[in-house]
Amino acid sequence: MRLILVIVFVPIVIFMTNAYATIAVIVNKSNPVSDISYNELKQILEARKQYWDNGEKIILIFKPITSVETRTLIDMVYKIKYEAFDKYWFLKVYDNKIMEFPKILNSTGTINILVSEIPGAIAFIGKDEISRIANINIKVLGVNGKMPGEDGYPFK
Amino acid sequence: MTRFLNPIVIFIITLLLITTKCVYAQEISADEYQQLKNRLKAEFMQKLKEEIKKELIDELKSEYTIEPRQKQVAEKPITTVKVNDLKNESKEVSTREEETVKYTEHQKWAEEIELDKARYRLGEGLTFGEQLLVIRGFGNVNARYRDNNIGEGFDSGNNFFSLGEFDLFMTSKLSNRISFLNETVFEFDRGKDTEGRTEPIEIDIERLLIHYDVNNLLKIDVGKFFLPIGYWIPTYNHGVWFQTTMDRPDIVNFQDKGGPIPTHDTGIKVSGSALLEGFDLNYTCAITNGRGVNTTQRQNFDDMNDKKALSLQFEVQPHIVEGLRLGPSVYYDVIPEDETNPNRENEIREIIYGGHIVYTMRNVELLTEAFVVNHDEVSGDVFNTFGGYAQFAYTINKFKPYYRYDYIDYDNSDTFYSESKFDFFDTNTHTIGLRYELSHFNAIKFEYSHGVFDDEDVNIIGLQTAFSF
């Protein structure tokens with residue numbers, strides 16, 4: 001009986017823990033970019049590109065490492081272990097490649113406010129959370145010409 | 001017959017059920033029951049915590065939707081209760097006071113938001129009162145056993161504990177594009193200080209710089225920094241916790257620890273990245289004071305000659321192979337003559353050619369570097385030193401087994417090295433080890449190395465705990 005439980009539930013648990021989120025990339029409405037290529041987004045996420053083409057400094061904002069959105073990014077883009085995410089950024093600060101750690105914020109509300117206030121901000125939230133930001137100074141970026149939820153959108 | 005069969009079937013089923021229940025009852029012992037109880041309790045508490053957290057987050061979110069809420073408060077008629085009697089009147093006053101307090105708080109908060117907005121528009125993001133100094137640090141403690149002592153610098157016993165570095169790393173943002181960085185290391189060294197005491201603590205300002213971030217193509221550092229030579233020097237340097245192994249490769253060891261290549265210097269450094277189609281091209285160029293008369297003399301305050309050192313490095317990161325970085329570097333300097341040493345009467349022109357191929361992706365870490373140090377004395381003698389290393393590591397959960405091969409071949413007649421206070425041995429070393437991540441910021445490293453230093457065999461076993469705080 002126990003064996004059956006193990007056989008049935010363990011794969012389900014593993015599947016659930018590995019589930020990815022559909023991520024929406026949000027930026028300040030004043031940002032002239034409305035669509036971004038996956039490669040460019042990867043460069044931004046890895047802090048290789050630190051300025052938008054209009055000269056604004058890019059401010060990266062993540063949800064906590066425990067969130068499914070950030071874990072999806074770590075798996076798909078950084079390709080490192082979750083535990084190594086802090087070290088990844090610490091090494092960049094230590095090497096003086098970046099001036100400070102990316103901002104990590106718990107609440108989508110706070111993320112929305114910061115993105116709406118900082119012209120160069122870019123944040124990664126769940127697709128389901130887009131509806132909550134309709135009236136704020138924020139827009140959702142397309143990636144490779146696709147919007148979140150559409151076929152061919154890379155973060156899902 | 002069938003009349004009797006039904007009670008028999010019912011009896012058999014009942015018996016089976018009882019038996020099964022007994023079996024299961026027997027299977028769960030008191031300990032297991034307790035464990036089950038604890039687990040269920042823990043799950044319940046976890047669920048409760050999550051629900052509370054969710055509620056708090058929702059509350060926080062609603063707090064942040066300041067405009068609608070403020071609007072709601074503003075639009076809400078203050079006289080919501082009819083003034084019919086004294087009781088109602090006092091109730092109304094109380095409600096009004098609460099509303100007023102809420103409204104004032106929200107107004108204050110909205111003003112703060114406006115202020116922040118203005119700061120970011122100015123491109124500052126900081127005011128004097130908000131400027132922060134972030135201090136992080138590194139440390140390590142080692143234990144070692146070796147079966148052979150070689151050279152004058154190794155006159156201690158065969159097994160010992162040693163304190164590594166106590167490294168304070170400080171950063172502070174001066175604006176969105178300007179920052180300060182300092183790395184001060186307290187080193188516990190053998191030997192004697194100026195007052196004849198043994199085991200002095202040496203305080204080294206390893207990095208002290210101001211950083212100007214102009215754009216992707218142009219970043220400027222002014223002060224003391226890591227030289228852009230190869231991969232290891234500008235990447236790991238003093239943070240022992242960052243590096244996989246216990247020690248640095250011999251070829252990139254610190255100058256004041258007997259390393260043949262300069263690692264830090266004072267001057268100006270310009271760097272940037274061009275994000276091109278198919279690959280990223282990173283460059284770094286530094287103009288610095290250069291070396292003093294020997295490998296250990298620092299030139300942080302002034303320069304003994306007017307000839308500056310020049311470092312130039314290019315690095316390519318092809319998009320087609322994620323995690324791959326490769327590129328050449330070159331360092332040029334004129335080392336001043338040492339008037340106190342008759343064997344060092346001439347200036348030495350030093351050129352260091354370097355190259356690295358590095359691949360770090362997922363669980364794999366592959367680092368390879370090679371250098372040629374060319375010393376050309378004005379008298380006409382030319383000396384070449386070759387060196388390099390190859391390191392491979394693979395992460396398996398919290399474990400990271402690794403292997404490194406170190407090689408250096410000095411030109412024994414090179415007076416710059418032979419007249420130094422350190423022994424520069426030809427090195428041929430194999431190192432195997434295991435790193436274990438004990439926690440997020442603490443790693444234990446255990447390694448064995450077999451080295452041949454100028455034809456002498458040395459076996460070393462080491463254990464290190466390295467941490468960041």
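Filter region A:117-141 down to residues that are more than 9 Å from every other protein chain (Cβ to nearest Cβ) and of a type in the set (S, T, N, Q) and give me whichever is surrounded by the most Cβ atoms within 10 Å (Cβ to Cβ).
In this case the residue turns out to be A:137.
Can you name the residue in region B:388-419 that is surrounded by fewer than 20 Cβ atoms within 10 Å (Cβ to Cβ) and of a type in the set (A, V, I, L, M) and, of all such residues, is nearest to the other protein chains (Cβ to nearest Cβ)?
Restricting to residues being surrounded by fewer than 20 Cβ atoms within 10 Å (Cβ to Cβ) and of a type in the set (A, V, I, L, M), the top hit is B:396.
Take the residues of region B:329-352 that are under 21 Å from residue B:371 (Cβ atoms) and either assigned to a helix (DSSP H, G or I) or out of contact with any Phe, Trp or Tyr (no Cβ under 6 Å at 6 or more places or on another chain) (or both): which is nearest to the other protein chains (Cβ to nearest Cβ)?
Initial filter on region B:329-352 (under 21 Å from residue B:371 (Cβ atoms)): B:329-335, B:348-352.
Now restrict to residues that are either assigned to a helix (DSSP H, G or I) or out of contact with any Phe, Trp or Tyr (no Cβ under 6 Å at 6 or more places or on another chain) (or both): B:329, B:331-335, B:349-350.
Numbers: B:329: 15, B:331: 19, B:332: 23, B:333: 22, B:334: 27, B:335: 27, B:349: 30, B:350: 25 Å.
If we take residues in region B:329-352 being under 21 Å from residue B:371 (Cβ atoms) and either assigned to a helix (DSSP H, G or I) or out of contact with any Phe, Trp or Tyr (no Cβ under 6 Å at 6 or more places or on another chain) (or both), then B:329 is nearest to the other protein chains (Cβ to nearest Cβ).
The conditions are (1) surrounded by fewer than 19 Cβ atoms within 10 Å (Cβ to Cβ); (2) at positive phi; (3) not hydroxyl-bearing (Ser, Thr, Tyr), and residue A:64 fails exactly one of them. Which is it?
Only one criterion is unmet by residue A:64, namely (2).
Could you check region A:87-112 and list, in sequence order, the residues that are facing another protein chain (nearest Cβ under 7 Å), farther than 16 Å from residue B:226 by Cα and charged (D, E, K, R)?
A:100
Filter region B:297-311 for residues that are of a type outside the set (S, T, N, Q) and not in a loop (DSSP other than H, G, I, E, B) and give the result. Full working, then the answer.
Of all residues in region B:297-311, those of a type outside the set (S, T, N, Q) come to B:298, B:301-304, B:306-310.
Of everything in region B:297-311, those that are of a type outside the set (S, T, N, Q) and not in a loop (DSSP other than H, G, I, E, B) turn out to be B:309, B:310.
Residues are listed down the side, and each one gets a yes or a no for (1) touching a residue at least 40 places away in the same chain (Cβ under 8 Å); (2) closer than 30 Å to residue B:235 by Cβ; (3) touching a Cys at 6+ places or on another chain (Cβ under 7 Å):
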site: A:94; (1), (2), (3): no, yes, no
site: A:103; (1), (2), (3): yes, yes, no
site: A:111; (1), (2), (3): yes, no, no
site: A:116; (1), (2), (3): yes, no, no
site: A:122; (1), (2), (3): yes, yes, no
site: A:126; (1), (2), (3): yes, no, no
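Step by step: first the residues of region A:36-59, then only those that are more than 7 Å from chain B (Cβ to nearest Cβ) and assigned to a helix (DSSP H, G or I), then the one that is nearest to the chain's Cα centre (by Cα). Which residue is that?
The qualifying residue nearest to the chain's Cα centre (by Cα) is A:45.
Of everything in region B:301-328, what is surrounded by fewer than 19 Cβ atoms within 10 Å (Cβ to Cβ), over 25 Å from the mean Cα position of the chain (by Cα) and away from chain A (no Cβ under 14 Å)? Give them in sequence order.
B:301, B:302, B:303, B:304, B:305, B:306, B:307, B:308, B:310
Given (1) assigned to a strand (DSSP E or B); (2) out of contact with any helix residue (DSSP H, G or I) (no Cβ under 9 Å at 6 or more places or on another chain), where does residue B:280 come up short, assuming only one miss?
Looking at each condition in turn, residue B:280 falls short on (2).
Does at least one position in region B:252-264 carry a residue that is among the aromatic types (Phe, Trp, Tyr) and touching a Ser or Thr at 6+ places or on another chain (Cβ under 6 Å)?
If we filter region B:252-264 for residues that are among the aromatic types (Phe, Trp, Tyr), which is where we start, we get B:254.
When the remaining residues are screened for being touching a Ser or Thr at 6+ places or on another chain (Cβ under 6 Å), the result is B:254.
Scanning region B:252-264, I find at least one residue that is among the aromatic types (Phe, Trp, Tyr) and touching a Ser or Thr at 6+ places or on another chain (Cβ under 6 Å), so the answer is yes.
For the structure I just gave you, tell me whether residue B:355 is modelled with pLDDT of 95 or more, crowded, with 17+ Cβ neighbours inside 10 Å and at positive phi.
Working: modelled with pLDDT of 95 or more: yes; crowded, with 17+ Cβ neighbours inside 10 Å: yes; at positive phi: no.
The answer is no for residue B:355.
The values are calculated or read from the model by the stated rules, or taken from the named source; none is laboratory data. Every value quoted in this text rests on a predicted model; they were computed, and no experiment measured them. Every residue, glycine among them, receives a Cβ derived from its backbone with ideal geometry; neighbour counts consider all protein chains shown.
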